[in-house]
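The next block holds one structure in the form of structure tokens; read it before the comments.
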Amino acid sequence: VGPKKEVAECKEKFASSVDPTVSQTFMLDRVFNPEGKSLPPMRGFKYSSWSPLGCDANGRCLLAALTMDNRLTIHANLNRLQWVQLVDLTEIYGERLYEASYKLSKADTPRGELGDFSEFQRRHSMQTPVRMEWSGICTTQQVKHNNECRDVGSVLLAVLFENGNIAVWQFQLPFLGKESITSCNTIESGINSPSVLSWWEYEHNNRKMSGLIVGSAFGPVKILPVNLKAVKGYFTLRQPVVLWQEMDQLPVHSIKCIPLYHPYQKCSCSLVVAARGAYVFWCLLLISKAGLNVHNSHVTGLHSLPIVSMTADKQNGTVYTCSSDGKVRQLIPIFTDVALKFEHQLIKLSEVFGSVRTHGIAVSPCGAYLAVITTEGMTNGLHPVNKNYQVQFVTLKTFEEAAAQLLESSVQNLFRQVDLTDLVRWKILKDKHIPQFLQEALDKKIESCGSTYFWRFKLFLLRILYQSMQKAPSEVMWRPSHEDAKILISDSPGMGSTEDDQEEGTSKQAGKQSLCDAGKGMDIDDTADDSLPQSSDIGGREPMEEKLLEIQAQIEAVEMHLTREHMKRVLGEVYLHTWITENTSIPTRGVCDFLMSDDGYDDRTARVLIGHILKKMNKQTFPEHCSLCKEILPFTDRKQAVCSNGHIWLRCFLTYQSCQSLVYRRCLLHDSIARHPTPEDPEWIKRLLQGPCTFCDSPVF
């Protein structure tokens, strides 16, 4: 809010002021006085917001976090299990305001000095965040040096401040840090005591419209236009639209915007729902020839206490609300000729978890689970002494519904539907077989369209079936061993060894062996225990071993099919982006020979493509060489390359190059490994290296 020395002097002046309206306001406001002296420290988070999928360098989500001391930062999961702060937006916004003398526009009249308490309050309120929300990913056009235009993905982050202003940050994707900030514009909302914020995104006749919905602690709700330059196919409102204007002192707690299709009007519409006290305010927005139609009302009789949390399933429009007494309401919108109505039913968590207090709810991306934060409720009319917070999961879909949704999915990505696959996983692990209807439906899909998505789904089912047939591990594999490593000295010559030491050494070797198996391209779930079920009855054991061998053979066949399909894609990229007799770093000749080596594999597309590529190569082979001994690395295995001197290099599953470095990436489920892009790689190879895992759709770290 000003130079450090001047701020310190002003704080001392306000704290010791003889005017109690100044001194008490200053001492009790934790924004002005974060250290608080005798007050508890400001630790923890006020609010957090996840970006859409595909915003960070790994194609995953960014996390915007607002701390209790009003600092807004953005974090990313760059390496596995490691979160890194990329940027501090509070610091950057404060620097911008300081450079502009705390004026939002040049036309603003100059304000008072920092020593004036009202000016001190104004400077704090104009940069104290209340809420922040991410928009969907939009496309901007960037002009290159040769005047060519290329489409660049970008995302917006709207930050609502105490004084009602909204800062709209525009970030270029993938977001890497301060250098990825494209612009920051400030909008004046005109709302007093703002409490909540949400993006309004609406699609009409292939035109995307957007705006910001702002709610107040006094009751009003309105949509503000957001003007953006150079955003492809982007439109906004001409002027603000008031959805609710009554100052009825019912604070707006949460706002959700759900895109729906109107069956009577035969067009898309937008449903805005807001939690206001114990009621749900809804507003249906519909664009027609007459303009923007607005229908609004309240749903009453839901809860006897104020709503503490609200979430929505954006796929079917179902809204879930909860109050602190452990009651969750499910609201299903039903369209009428004019607008809509809600059917609601009560979900009593006490019947599932016992007496609980609820603090928040969230629905999973595909609507398979409802997550609920709970603490112990009252027992015999008494509150618990200690609060133990737990996250409980309630299934909202049956196995059959999840399987049908996965088969008919337009997303065609297992990683983006992980909540649905988790329901399917649980069913197969429990029943130890794949249901017949699912197997038949999946085989029909594979025969009719042959999309690799259905092959990956089949691979997922077979792996879970294989895992369900195995004996449960006696020890948890991920739990670290706290034994002293020095005990291994007893195995050295002359020290002797007891029977207990030998058993311990054997168990350590077995642990190392299982970890080695985990690195050989298997699913992380499949590496829990690779031992076959042991039984004293040999006759009963053989059918189980045969069944496991049969499933393993099916898994290998599906993996080989997916590998061949990806090899065809890689060869297609090679053909499109190379000249005659050009040496790329991709082992093109080895991949061609590997595809044609199996006599049982007869794919006309692959044969024609390989014929064209071999013509381009003009009898050149361009083999890979071992970096240790300079011997040729033959392409005999899709997973690794072994030279004549026995040096083994793992192969990248995205480009099939040998990873001859100490650092490489791995997919989230440990299926495969991939190399890092290098500066000398052409753009098309870098684009290949950005792809997900070809077996499980997971991102690569």
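The values are calculated or read from the model by the stated rules, or taken from the named source; none is laboratory data. For clarity, every value in this text was computed on a predicted model and none was experimentally measured. We place every Cβ from the backbone using ideal geometry, glycine too, and count neighbours over all the protein chains shown. Heads up: the accessible areas ignore ligands, DNA and RNA and are worked out on the full protein's heavy atoms, side chains in. Shrake-Rupley method; radii C 1.70, N 1.55, O 1.52, S 1.80 Å.
Counting only strands (runs of 3 or more DSSP E) that sit completely within region 158-204, those holding 3 or more residues that are touching an Asp or Glu at 6+ places or on another chain (Cβ under 9 Å) correspond to 165-172, 194-204.
When the test is whether a residue is more than 30 Å from residue 150 (Cα to Cα), open to solvent by less than 30 Å² (accessible area, probe 1.4 Å) and either touching a helix residue (DSSP H, G or I) at 6+ places or on another chain (Cβ under 8 Å) or without any contact (Cβ under 8 Å) to a residue 60 or more places away in the chain (or both), residue 301 does not pass it. Per this entry, residue 555 is not counted among residues that are under 33 Å from the mean Cα position of the chain (by Cα), aliphatic (A, V, I, L, M), in a helix (DSSP H, G or I) and farther than 20 Å from residue 653 by Cα. Against the conditions (1) in a loop (DSSP other than H, G, I, E, B); (2) closer than 27 Å to residue 365 by Cα; (3) open to solvent by 50 Å² or more (accessible area, probe 1.4 Å), residue 264 satisfies every one except (2).
Residue-level check: of (1) surrounded by 11 or more Cβ atoms within 10 Å (Cβ to Cβ); (2) over 30 Å from residue 446 (Cα atoms); (3) touching a residue at least 24 places away in the same chain (Cβ under 8 Å); (4) of a type in the set (Ser, Thr, Tyr), residue 375 misses just (3). Within the bounds of region 542-556, is there any residue that is over 26 Å from residue 672 (Cα atoms), modelled with pLDDT under 85 and among the charged types (D, E, K, R)? Yes: region 542-556 contains one or more residues that are over 26 Å from residue 672 (Cα atoms), modelled with pLDDT under 85 and among the charged types (D, E, K, R). Among the residues of region 26-43, the one identified as without any contact (Cβ under 8 Å) to a residue 60 or more places away in the chain, in a helix (DSSP H, G or I) and surrounded by 14 or more Cβ atoms within 10 Å (Cβ to Cβ) is 27. For residue 395, the test of being at pLDDT 95 or above and polar (S, T, N, Q) is failed. Consider region 631-644. How many of its residues are open to solvent by 60 Å² or more (accessible area, probe 1.4 Å), touching a Cys at 6+ places or on another chain (Cβ under 9 Å) and assigned to a loop (DSSP other than H, G, I, E, B)? Residues in region 631-644 being open to solvent by 60 Å² or more (accessible area, probe 1.4 Å), touching a Cys at 6+ places or on another chain (Cβ under 9 Å) and assigned to a loop (DSSP other than H, G, I, E, B): 2 in total. Give the residue that is nearest to residue 327 (Cα to Cα), with candidates limited to residues of region 354-368 that are open to solvent by 30 Å² or more (accessible area, probe 1.4 Å) and in contact with a Ser or Thr (Cβ under 6 Å, 6 or more places away or on another chain). Among residues in region 354-368 that are open to solvent by 30 Å² or more (accessible area, probe 1.4 Å) and in contact with a Ser or Thr (Cβ under 6 Å, 6 or more places away or on another chain), the one nearest to residue 327 (Cα to Cα) is 357.
Checked against the criterion of being assigned to a helix (DSSP H, G or I), farther than 18 Å from residue 555 by Cα and at pLDDT below 95, region 448-461 contains one or more residues that satisfy it.
Does region 94-153 hold any residues that are small (Gly, Ala, Ser) and either open to solvent by 90 Å² or more (accessible area, probe 1.4 Å) or part of a strand (DSSP E or B) (or both), and which are they? If you could, list the steps in order and put the result at the bottom.
Going through region 94-153, the residues small (Gly, Ala, Ser) turn out to be 94, 100-101, 105, 107, 112, 115, 118, 125, 135-136, 153.
Residues satisfying the conditions are 107, 153.
Among the numbered conditions (1) buried (at least 16 other Cβ atoms within 10 Å of the Cβ); (2) without any contact (Cβ under 8 Å) to a residue 40 or more places away in the chain, the only one that residue 444 does not meet is (1). Any chance you could count how many residues in region 671-686 are in a loop (DSSP other than H, G, I, E, B) and either of a type in the set (Lys, Arg) or without any contact (Cβ under 8 Å) to a residue 40 or more places away in the chain (or both)? Of the residues in that region, 6 qualify. Candidates are the residues of region 563-613 that are small (Gly, Ala, Ser) and surrounded by fewer than 17 Cβ atoms within 10 Å (Cβ to Cβ); the one that is modelled with the highest pLDDT is 572. Can you find even one residue in region 226-236 that is more than 19 Å from residue 186 (Cα to Cα) and open to solvent by less than 20 Å² (accessible area, probe 1.4 Å)? Looking through region 226-236, none of the residues is more than 19 Å from residue 186 (Cα to Cα) and open to solvent by less than 20 Å² (accessible area, probe 1.4 Å). Screening residue 332 against (1) surrounded by 19 or more Cβ atoms within 10 Å (Cβ to Cβ); (2) touching an Asp or Glu at 6+ places or on another chain (Cβ under 6 Å) leaves a single unmet condition, (1). You will find that of 247, 209, 310, the residue that is exposed (fewer than 15 other Cβ atoms within 10 Å of the Cβ) and touching a Ser or Thr at 6+ places or on another chain (Cβ under 9 Å) is 247 and no other.
Among the residues of region 404-418, none qualifies, meaning not one is within 23 Å of residue 353 (Cβ to Cβ) and open to solvent by less than 60 Å² (accessible area, probe 1.4 Å). Just a yes or no: is a residue in region 657-670 open to solvent by 10 Å² or more (accessible area, probe 1.4 Å), in a loop (DSSP other than H, G, I, E, B), in contact (Cβ under 8 Å) with a residue 40 or more places away in the chain and aliphatic (A, V, I, L, M)? Within region 657-670, one or more residues are open to solvent by 10 Å² or more (accessible area, probe 1.4 Å), in a loop (DSSP other than H, G, I, E, B), in contact (Cβ under 8 Å) with a residue 40 or more places away in the chain and aliphatic (A, V, I, L, M). Taking region 599-622 as the range and being charged (D, E, K, R) and either in a helix (DSSP H, G or I) or free of Cβ contacts under 8 Å to residues at least 24 places away in the same chain (or both) as the test, the residues that pass are 599, 602, 604, 607, 615, 616, 619.
Contact map, region 138-155: residues that are among the polar types (S, T, N, Q) paired with residues that are open to solvent by 60 Å² or more (accessible area, probe 1.4 Å) and in a loop (DSSP other than H, G, I, E, B), Cβ distance under 9 Å, separation 6+ or inter-chain. Pairs shown: 139/232; 140/229; 140/230; 140/232; 141/230; 141/232; 142/230; 154/137.
Elements of the type strands (runs of 3 or more DSSP E) sitting completely within region 268-369 and holding at least 2 residues that are within 24 Å of the chain's Cα centre (by Cα) and at pLDDT 95 or above: these cover 307-312, 319-323, 356-363.
Does residue 269 satisfy the condition of being under 20 Å from residue 216 (Cα atoms) and either touching a Leu at 6+ places or on another chain (Cβ under 9 Å) or of a type in the set (Ser, Thr, Tyr) (or both)? Criteria not met by residue 269. Apart from one condition, residue 78 fits all of (1) touching a Leu at 6+ places or on another chain (Cβ under 7 Å); (2) part of a strand (DSSP E or B); (3) not hydroxyl-bearing (Ser, Thr, Tyr); the exception is (1). Of all residues in region 48-71, none satisfies being farther than 25 Å from residue 170 by Cα and loosely packed, with under 15 Cβ neighbours inside 10 Å.
Picking from 573, 565, 582, which residue would you name as being acidic (Asp, Glu), within 24 Å of residue 618 (Cα to Cα) and in contact with a helix residue (DSSP H, G or I) (Cβ under 7 Å, 6 or more places away or on another chain)? Of 573, 565, 582, the one residue that is acidic (Asp, Glu), within 24 Å of residue 618 (Cα to Cα) and in contact with a helix residue (DSSP H, G or I) (Cβ under 7 Å, 6 or more places away or on another chain) is 573. Looking only at region 72-93, which residues are within 24 Å of residue 166 (Cα to Cα), of a type in the set (S, T, N, Q) and open to solvent by less than 60 Å² (accessible area, probe 1.4 Å)? Selection gives 73, 90.
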